[in-house]
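These notes concern the structure reproduced below.
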């Protein structure tokens, strides 16, 4: 069965959008999705991307918000402004990502991911420790145990391995999808992914 490796960051609205549509595409083509959580900021730095963040570039940020709204309307899902999910603490988004790894070890990664995306990008709750505590039982743990796990050396090392392996495979941003050796970047490439799954001759070599 074909595998679609999906690299995402919970703090990425385009990862949220892709997570809505990708399972449908995989099911249509009898493929499986393999989920890889990464820290997009570290991924970009590893790839040499050191430019200013989108929110500090007003024209680009205005366009980004409009583009997100268009995609959400197309997919028929709620999506709030990125400003609503802003956290102010750079340590918070990586903790949500490590929460996914903890949830995966309790076979609850997809319920956790759906809940995290829904509460942030779908409903506008800011990323915070309060929200992490809410997600703990969905990840399969009591609140205190969940927080200890996501901040443990073991889970931090696991998160760093995911990032290192993603960078080695050429991932430079999220969402990224890899099928065999074909890499696609961006929610707007899902159509191309479906074409490839329908016809392997669509693969390209560079």
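The values are calculated or read from the model by the stated rules, or taken from the named source; none is laboratory data. The structure presented is a predicted model; accordingly, all values stated were derived computationally and were not measured. All Cβ positions, even for glycine, are placed from backbone atoms using ideal geometry, and neighbour counts span all protein chains on display.
Tabulated data
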{"read-out": "Residue within the stretch 48-64 that is farther than 23 Å from residue 185 by Cα and over 17 Å from the mean Cα position of the chain (by Cα) present", "value": "yes"}
{"read-out": "Residues within the stretch 76-97 that are surrounded by 13 or more Cβ atoms within 10 Å (Cβ to Cβ) and closer than 19 Å to residue 163 by Cβ, tallied", "value": "6"}
{"read-out": "Listing of helices (runs of 4 or more DSSP H) fully contained in the stretch 32-148 that carry 3 or more residues being touching a residue at least 12 places away in the same chain (Cβ under 8 Å) and under 25 Å from residue 171 (Cα atoms)", "value": "40-46, 58-75, 92-105, 109-117"}
{"read-out": "Residue identified as closer than 16 Å to residue 14 by Cβ and either surrounded by 17 or more Cβ atoms within 10 Å (Cβ to Cβ) or in contact with a helix residue (DSSP H, G or I) (Cβ under 9 Å, 6 or more places away or on another chain) (or both) among 73, 119, 65", "value": "65"}
{"read-out": "Residues within the stretch 147-181 that are out of contact with any strand residue (DSSP E or B) (no Cβ under 9 Å at 6 or more places or on another chain) and closer than 15 Å to residue 22 by Cβ, tallied", "value": "0"}
{"read-out": "Residues of the stretch 181-206 that turn out to be in contact (Cβ under 8 Å) with a residue 40 or more places away in the chain and under 17 Å from residue 32 (Cα atoms), as a count", "value": "5"}
{"read-out": "Test: residue 124 is on the phi > 0 side of the Ramachandran plot and in contact with a helix residue (DSSP H, G or I) (Cβ under 8 Å, 6 or more places away or on another chain)", "value": "yes"}
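The rows are residues; the columns are (1) in a loop (DSSP other than H, G, I, E, B); (2) modelled with pLDDT of 95 or more.
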position	(1), (2)
157	no, yes
162	no, yes
165	no, yes
173	yes, yes
184	no, yes
191	no, yes
194	no, yes
206	yes, no
